[in-house]
Every structure is written in C-alpha cells, then in structure tokens.
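Read through the structure below, which is laid out as structure tokens, and then see the notes.
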Amino acid sequence: MAAAAASVPVRVCHQEIVRFDLEIKAAVQDIRDCPGPLSALTELNAAVKEKFRHLRGRIQELEQMAKEQDKESEKQALLREVENHKKQMLSNQAAWRKANLACKIAIDNSEKDQLLQGRDSLRQRKTTKESLAESASNITESLMGISRMMSQQVQQSEETVQTLANSSRTILEANEEFKSMSGTIQLGRKLITKYNRRELTDKLLIFLALALFLATVLYILKKRLFPFL
C-alpha cells in the first residue's frame, strides 16, 4: 500500500478520481436544486455525463495500474481501491437518477402552478375588463380636463405677457417724457440764472447813474452857492 502510494502516476490518478467524485456530487446537488426549465436541467445532465465519463476512465486507468504491479500485496490493495471507487460511482449514479426524478417532478408542478395562475389571471382579466374600460374613460376625461386647464393657463399667460408689454411701453414713454421735462428744467434754470445776472447788472448801472446824478447836482449847487470855493 505504501509503495503504491509512492508511485506518482498512481497518486495522480487517485487525486483525479477524488476530484471528479466531488464535482459529480456538487453537480448532482445542482440538479436537485434546479428550478427549471427543462433546458437548464438538460445542460446540467450533459455536464454530469461528461464528468462520469472522465471518472470512469480514471478508474479504469487505476485498475490497469493495479494489474501491472509486481507485488501481489500492492496489486490487491489497488484493486480494493478500484472496487471502492466503482461502488462510489454507482452510488453517485443512483443519487443522480433520484435528483433528476425530483427535479422533473418539481418542474412539472411549477408548470402546473403557472398554468393555473394563467387561467386565474385570464379569469380576472375578463371580470375586470369593464372596470378597466371605465378607468380608461375616467383617465381620458381627466386628461381632457387637464388639457382645458392648460389651455386656459396658456391664454392667461399670453394676456399677462401682453399686459407686461403694455406696461413696459408706458414706462418707456414716461421715461422719455421725464427726459424731455429734464431738458426743459435745465433750460429754465439757465434762463433764470441769466436773468439773475442781468438783474444784478441793471441794479449796478442804476446805482452808478444815480451816483453820477447826485454828484452832478452837488457840483452845480456848489458852483452856485459857493462860487468862491
């Protein structure tokens, strides 16, 4: 047994047998848990068949290696391992068949449930056809009402825009009038300033004329009253 374990080809073959055995067990569990449809189950079965083919080939290789052993003890030990692997493979095949049966039953039940649900759904659609039509009519009326409201809102918006435009024109006209009045006020201010200056000049001239008149009168009085001065 120890000498056989030391053989590299035997050890590699044994490891591959164990690996395929584990992969088959996992694939069988996937089949048992498969919810369908049948196409998915078919794909899983194809993968399991391929793994069984590889496993069977490795067991045959191990059996051939056992027959080629020189020592009878090593030969018998390997043959016992081969026999155990074959039994395990048969057990996996039985589990595979049971998993397929359980999966097919589950898929059939699921399809029946879906069929019943489809019938119930059809019956419900028939019974609610009038209510759906009524709902569609109500929705149509609501949409028409909304459309009318939107049309009124658009019309009000247009009137508001027109009012704003008129107000804008009025403001612009008032602004132009203010500008014109501002020019008139500026001109009046200049005229008033000019008039004030002219009035000051007239007052000064009057004052000078009055002073000259007084000076002339005083001079004449002086000559007549005091000729000797």
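The values are calculated or read from the model by the stated rules, or taken from the named source; none is laboratory data. Only a predicted model underlies this, so the values are computations on that prediction, with no experimental measurement involved. Cβ placement follows ideal geometry from the backbone for every residue including glycine, while neighbour counts extend to all protein chains displayed. Side chains are part of the model used for accessible areas, which takes the heavy atoms of the whole protein and leaves out ligands, DNA and RNA. Shrake-Rupley method; radii C 1.70, N 1.55, O 1.52, S 1.80 Å.
Couple of notes before you dig in:
- Among residues of region 86-140 being at pLDDT 75 or above and among the hydroxyl-bearing types (Ser, Thr, Tyr), the one that is nearest to Gly36 (Cα to Cα) is Ser110.
- Criterion violated by Leu22 - all others in (1) outside any loop (DSSP other than H, G, I, E, B); (2) exposed (fewer than 12 other Cβ atoms within 10 Å of the Cβ); (3) more than 47 Å from the chain's Cα centre (by Cα) satisfied: (3)
- Whenever a residue of region 73-98 is in contact (Cβ under 8 Å) with a residue 40 or more places away in the chain, its partners that are of a type in the set (Gly, Ala, Ser), lying with C-beta atoms within less than 7 angstrom and at least six residues away or across chains, give the pairs Glu74/Ala3; Glu74/Ala4; Ala77/Ala4; Leu78/Ala4; Leu78/Ala66.
- Sub-7 Å Cβ pairs linking a first residue in region 36-50 that is free of Cβ contacts under 8 Å to residues at least 40 places away in the same chain and closer than 16 Å to Ala95 by Cα to a second residue that is open to solvent by less than 50 Å² (accessible area, probe 1.4 Å) and of a type in the set (A, V, I, L, M, F, W, C), at least 6 apart or interchain, are Leu44/Ala27; Leu44/Ile31; Leu44/Cys34; Ala47/Ala27, ordered by first then second residue.
- Applying the set (1) open to solvent by 80 Å² or more (accessible area, probe 1.4 Å); (2) within 51 Å of the chain's Cα centre (by Cα) to Gln15 leaves exactly one unmet item: (2).
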